[in-house]
Amino acid sequence: MSKVSGERMPAYEVDEHPFELRHEVKKLNTRLDQLADALEKSQFRDLVENYSNPKKRIISNLTAGIARGLGLSLGTILIIALLGWLLSFLVQLNLPGIGSFLAELLKYVEAARHS
């Protein structure tokens, strides 16, 4: 009997459908095992621990920022060096119009580098 209204609840007894209930429980257990494995593989626990601890979060973000800054600096240096090499190569080709412009540009770069 229901305690709130005094009405009788439907009689779904476990003995009525034991096979179906066991089958559903097995399916649910299998699904729970799959979810547990997925969470374990995704290292969800480590992620939650990392974000719940401010000290770990600060160290993690600081390290990531340093790595990004270093990567950006190295990438910029590499691109500028390649562009400088390409410009000097184009000057050596002595192309009309472009060669004189690039030679003038390289003079400005050399002057800025020495000052």
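Remarks
- The range 39-84: C-alpha gyration tensor shape, a/c 1.5 cut-off, then a/b vs b/c: oblate
- Using θ = phi - 60° in the Karplus curve 6.51 cos²θ - 1.76 cosθ + 1.60, the 3J(HN,Hα) couplings for the range 102-115 round to 5, 5, 5, 5, 5, 5, 5, 5, 5, 5, 5, 5, 7, 9 Hz; x is entered for Gly and Pro.
- Placing a label point 7 Å from the Cα of residue 110 along the Cα-to-Cβ line, the residues of the range 62-88 whose backbone N sits under 13 Å from it are 88.
Just so you know, all these numbers are worked out from the coordinates, no wet-lab data involved. Note that the coordinates shown come from a computational prediction; the quantities given were computed from them, not determined experimentally. Positions of Cβ are backbone-derived with ideal geometry, glycine not excepted, and every protein chain shown enters the neighbour counts.
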